[in-house]
Amino acid sequence: MNIKMAGIDHTNAPIAIREKFSFSSRLMSKILSLAVSESGVLGAAMLQTCNRTELYVSYEAGCDFSPAGFLADQAGYSESPYAFSKREGIEAARHLFETACGMKSMIFGEKQILAQTKAAIAFARECGTADAALESLFNKAIDSAKKIATNVRFARDSASAASMAIAAASKHLSINGAKVLVIGNGEMGKLAAIAFQSNGAEVFMTLRRFKEGLPNIPEGCTAVEYEKRLEFIPVCDVVVSATLSPHYTITAGDINTSDPGLGKKVFVDLAVPRDIDEQIAAISGAALYDIDSMGGSSAACDPNEIMAAEAIISDALSDFAHWYYFRPYLPIVNEISSRAADDAKLRASAKIKKAIGTENAVIIEKEVYSAVYKVVGKLMFGFKDNLDPGLWEDCLECMKKTVEA
């Protein structure tokens, strides 16, 4: 199976390294285009979340393209001392399937990764770098993740970055009645705002002044102009930042060290690259958490549920492998379907013309051809799923000889 992946994530690099691989959409588009311009590379897609950046490529036999080396070059960073995860063939496919359903996430079983997987292949498609192999791989991974989300419950409580933010802040103060400033009104910011609201907090959320239309923030939140965010820090107990900005939204210099409430103030950084200056952690009384320091766990997961998820993944992997390895036979399948359709049209032509006349017969003959072509193709794809792959070629050659006779 000519598929490779390489990635850097929370298991092999801290956030200080991962944020170097957090690419903007414009840069990702450029990287994907550069990847498919490499000799032998047929397709490329990148999965990027707050905890990982992974590059998937499909390639021709003999291609020596290194996704890990390529990613390191694009980030301007050496592979050493942090090793990339590297996988090929079915193991690369399995990794994506497990990632899409949250089994590789820092917060085991989190569901946001499914939307991020969908976004990854949609972006590659938009960039023109998603070939048939990667389209099928990602779509199968997404389908199996949906099935797992419907049929498997990894833990009693649904874990997320937002819930981990609640847990972190709760170590220092009561969330009920607390004032919380959320910087960033993207998906992650909204989830955090809703989570804090649900636990009784009063939430303020920033909006950029140049944004048009009605404020797109959760109901019950108070909108704050982004430029005035620093004015709200002294009056809030918790500050959460979750933007896509390449720069800090809060620096150590922005914090008033004489603030009497600083001893209980909690800063939670949900962004990669980080939004909040790490030097804030050195300010006496302030507590700072980022994605890594909040952590995650699979300890509460039911082993039987994990086995159920693995069974769904195994079935989906088998379907993908059958499709992938059958691809070289598609030309002969199309040829057999076409010959069978031509034969059927020829056999029916005289009777059709006699029944409805020559002029109308052309339309019906086209419909006969199309119907037979589709039915024969469906039959051959059906035997693919029920026949030993070692017999595919002999069986197809036999069918070809039959329709040629």
Next item on the list: Taking amide H positions as placed in the peptide plane 1.01 Å from N, state which residues far from Leu288 in sequence (5 or more) or on other chains have amide H under 5 Å from it.
Entry: Phe267
Check: With Cβ to Cβ distances under 13 Å as the rule, what net charge do the other residues near His172 carry (K, R +1; D, E -1)?
Finding: +2
Check: Which residue, Tyr77, Tyr59, Tyr373, has the most motion in a Gaussian network model of the chain that connects Cα atoms within less than 10 Å?
Finding: Tyr373
Next item on the list: Would you mind computing, in nm to one decimal, how far apart the modelled labels at Glu135 and Ala83 are, each placed 7 Å from Cα along Cα→Cβ?
Entry: 3.7 nm
Checklist line | Three-way shape call for the range 294-373 based on the alpha-carbon gyration tensor, with the a/c threshold at 1.5 | finding: prolate
Margin query: Can you bin every Cα-Cα distance in the chain into 10 Å intervals starting at zero and give me the percent of pairs per bin, rounded to whole numbers?
Written below: 4, 18, 23, 21, 14, 9, 6, 3, 1, 0
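Compute the FRET efficiency between Val235 and His322 as 1/(1 + (r/R0)^6), taking r as their Cβ-Cβ distance and R0 = 60 Å, and round to the nearest 0.05. Please report the intermediate quantities before stating the final value.
Details: r = 60 Å, r/R0 = 1.01.
Efficiency, from the Cβ-Cβ distance: 0.50.
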Notebook entry, point to check: How much area per residue is accessible in the chain when the probe is 1.4 Å and only protein heavy atoms are counted (Å²)?
Noted result: 50 Å²
Next item on the list: Using a 10 angstrom cutoff on alpha carbons, build the Gaussian network for the chain and name the most mobile of Leu379, Leu244, Leu55.
Entry: Leu379
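Please label the shape of the range 1-145 as rounded, prolate or oblate, based on the square roots a ≥ b ≥ c of the eigenvalues of the alpha-carbon gyration tensor (a/c under 1.5 means rounded; beyond that, a/b larger than b/c means prolate, else oblate). Don't skip to the end; give the middle numbers.
On the way: a/c = 1.38, a/b = 1.05, b/c = 1.31.
Rounded shape, in that the Cα axes give a/c under 1.5.
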Item checked: Helix-derived mean residue ellipticity, 222 nm - over the chain, DSSP H n ≥ 4, -39500 (n - 2.57), to 500 -> -15500 deg cm²/dmol
Next item on the list: Answer rounded, prolate or oblate for the range 326-389, using the Cα gyration tensor with square roots of eigenvalues a ≥ b ≥ c: rounded when a/c is under 1.5, else prolate when a/b is larger than b/c, else oblate.
Entry: prolate
Checklist line | Potential extension, Arg153-Asp73 segment - 0.36 nm per residue separation minus Cα distance | finding: 24.8 nm
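What part of the accessible area of the chain, given as a whole %, is carbon or sulfur when the probe is 1.4 angstrom?
In the chain, the share of accessible area belonging to carbon and sulfur is 52 percent.
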Notebook entry, point to check: Between Ser33 and Asn216, what length comes free when the chain is fully extended (0.36 nm per residue of separation minus the Cα-Cα distance, one decimal in nm)?
Noted result: 62.6 nm
Next item on the list: Report ³J(HN,Hα) in whole Hz for each residue of the range 175-184, in order, from the Karplus equation J = 6.51 cos²θ - 1.76 cosθ + 1.60 where θ = phi - 60°; Gly and Pro get x.
Entry: 6, 5, x, 6, 9, 10, 9, 10, 9, x
Check: Once amide H atoms are placed 1.01 Å from N in the peptide plane, what residues at a sequence separation of 5 or more from Ile3, or on another chain, have their amide H within under 5 Å of its amide H?
Finding: Gly89
Item checked: Residue of Gly186, Gly253, Gly40 that the Gaussian network model of the chain assigns the largest fluctuation, springs spanning Cα pairs under 10 Å -> Gly253
Item checked: Per-residue HN-Hα couplings for the range 5-11 [Karplus 6.51, -1.76, 1.60; θ = phi - 60°; Hz; x = Gly/Pro] -> 9, 8, x, 10, 8, 5, 7
Notebook entry, point to check: For the range 177-194 and the range 313-331, what is the separation of their Cα centres, given in Å?
Noted result: 43 Å
Check: Given H placed on each backbone N at 1.01 Å, which residues far from Ala130 in sequence or on other chains put an amide H within less than 5 Å of it?
Finding: Ala44, Arg125
Check: What is the distance, in nm, between label points placed 7 Å from the Cα along the Cα-to-Cβ direction at Asp315 and at Glu187?
Finding: 2.6 nm
Next item on the list: Note the full-extension length gain between Ile332 and Glu60 as 0.36 nm times their separation in residues minus their Cα-Cα distance, in nm to one decimal.
Entry: 95.9 nm
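The values are calculated or read from the model by the stated rules, or taken from the named source; none is laboratory data. Because the structure is a prediction, the values reported are computed rather than measured. Note: ideal-geometry Cβ built from the backbone for every residue, glycine included; neighbour counts use all protein chains shown. Surface areas here come from the heavy atoms of the whole protein model, side chains and all, with no ligands, DNA or RNA. Shrake-Rupley method; radii C 1.70, N 1.55, O 1.52, S 1.80 Å.
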